[in-house]
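All of the numbers you see were taken from the coordinates with simple rules; none came from a lab. Since this is a predicted model, take the numbers as computed values, not measurements. Quick reminder, even Gly has a Cβ in these numbers, built from the backbone with ideal geometry, and neighbours come from all protein chains shown.
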Amino acid sequence: MADKPVALAQKRLMDVKLGQLPSWLGTRDFTPNGLLGSVRGGYERYFNKYINVKKGGIGGVAMFLAGYVALSYLWEYDHISKYKLSVLKNQ
């Protein structure tokens, strides 16, 4: 049985063809409340897929912590590189 046609606004990003991308982006809500809702929905999907499972392991939490460590390093990279340069110049 064939799938029913779905409106472009209801499709997920991975289901949108390249030619439909500008039209699909036009249907997105870029207001602060819309962006907050998108972040909240993404968090809920992540939580339900990796954290809130019956037979879960440490994988979801480890992925979150690894992302946090990588993001923290990127935020502090300027301070770290300036410190290393100043130490090397003083030697």
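Can you tell me which residue is nearest to R12 (Cα to Cα) among those in region 48-63 that are touching a helix residue (DSSP H, G or I) at 6+ places or on another chain (Cβ under 8 Å) and assigned to a helix (DSSP H, G or I)?
Applying the filter and picking the extreme gives K49.
V6 passes all but one of (1) surrounded by 11 or more Cβ atoms within 10 Å (Cβ to Cβ); (2) among the hydrophobic types (A, V, I, L, M, F, W, C); (3) in a loop (DSSP other than H, G, I, E, B); which number fails?
Unmet condition: (1).
Can you report the number of residues in region 39-65 which are loosely packed, with under 11 Cβ neighbours inside 10 Å and either β-branched (V, I, T) or in contact (Cβ under 8 Å) with a residue 24 or more places away in the chain (or both)?
Counting residues in region 39-65 that are loosely packed, with under 11 Cβ neighbours inside 10 Å and either β-branched (V, I, T) or in contact (Cβ under 8 Å) with a residue 24 or more places away in the chain (or both) gives 2.
Identify, please: which residue in region 16-42 is under 20 Å from V6 (Cβ atoms) and of a type in the set (A, V, I, L, M) and is, among those, farthest from the chain's Cα centre (by Cα)?
Checking each candidate, the answer is L18.
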